[in-house]
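To start, the structure under review is shown below, and the notes come after it.
The values are calculated or read from the model by the stated rules, or taken from the named source; none is laboratory data. What you are looking at is a predicted structure, and each value in this text was computed from that prediction instead of being measured. Here the Cβ positions follow ideal geometry from the backbone for every residue, glycine too, while neighbour counts run over all protein chains shown. Heavy atoms of the whole protein, side chains included, go into the accessibility calculation; ligands, DNA and RNA do not. Shrake-Rupley method; radii C 1.70, N 1.55, O 1.52, S 1.80 Å.
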Amino acid sequence: TQLLEQSPQFLSIQEGENLTVYCNSSSVFSSLQWYRQEPGEGPVLLVTVVTGGEVKKLKRLTFQFGDARKDSSLHITAAQPGDTGLYLCAGTVAGAGSYQLTFGKGTKLSVIP
Amino acid sequence: DAGITQSPRHKVTETGTPVTLRCHQTENHRYMYWYRQDPGHGLRLIHYSYGVKDTDKGEVSDGYSVSRSKTEDFLLTLESATSSQTSVYFCAISEQGDRPRYSPLHFGNGTRLTVT
């Protein structure tokens, strides 16, 4: 069973459209991070959320951490071809006694010009 | 970009041969990690290190060993490579691995390993 479930797995949209990807779990997380990975490269951190209900904005990207700290979403407004990539969420389970990050399988986004 | 270099970037090897992958960092970060990334599985932790000569197992450590004799270098060894170890291997570093909410991972660009 995957601790962090990401949906959708694949998403192909036209430039200018809006989209939302989700990261869900039955566990409570002390923090959650979002990374973006481009082909041939390692993941790069976009944001860390730590407080239930927290909303963070990074230009056209809006990240939200659920009130119960079990889920998170990433919303992209007016997607651009440069947003194409694999979006990964990763978190540390609250109270688990471990500081290892657990990753979801990712959402592969393609933005068509 | 964080100073992380993985070598080699690509390697093809035969089943049963030993393979060593190298990760070198110039950031002087205490924590270093080896992950593998496979379709359908995402990123999975193999081993990690929290200091020189201090290492521990991750989720998928069977068939792998690691060594860290210097802060800047973390080696991953496949003692006898198998086809199931064909994957893309990523090294990552963090400044405060025991406080991941304050210290994200910085990844290298990966090593693509094919075991034939």
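The strands (runs of 3 or more DSSP E) located wholly in segment B:1-52 that include 2 or more residues which are β-branched (Val, Ile, Thr) and at pLDDT 95 or above occupy B:4-7, B:10-13, B:19-25. Each residue in segment A:59-105 was checked for being more than 14 Å from every other protein chain (Cβ to nearest Cβ) and either in contact with a helix residue (DSSP H, G or I) (Cβ under 7 Å, 6 or more places away or on another chain) or aliphatic (A, V, I, L, M) (or both), and 6 pass.
Filtered by the rule that a residue be crowded, with 19+ Cβ neighbours inside 10 Å and facing chain B (nearest Cβ under 9 Å), segment A:34-46 gives A:Tyr35, A:Gln37, A:Gly42, A:Pro43.
The residue that is farthest from the other protein chains (Cβ to nearest Cβ), counting only those in segment A:11-33 that are of a type in the set (A, V, I, L, M) and closer than 18 Å to A:Gln100 by Cβ, is A:Val28.
A count restricted to segment A:98-113 and to residues that are part of a strand (DSSP E or B) and either open to solvent by 20 Å² or more (accessible area, probe 1.4 Å) or at pLDDT 95 or above (or both) stands at 7.
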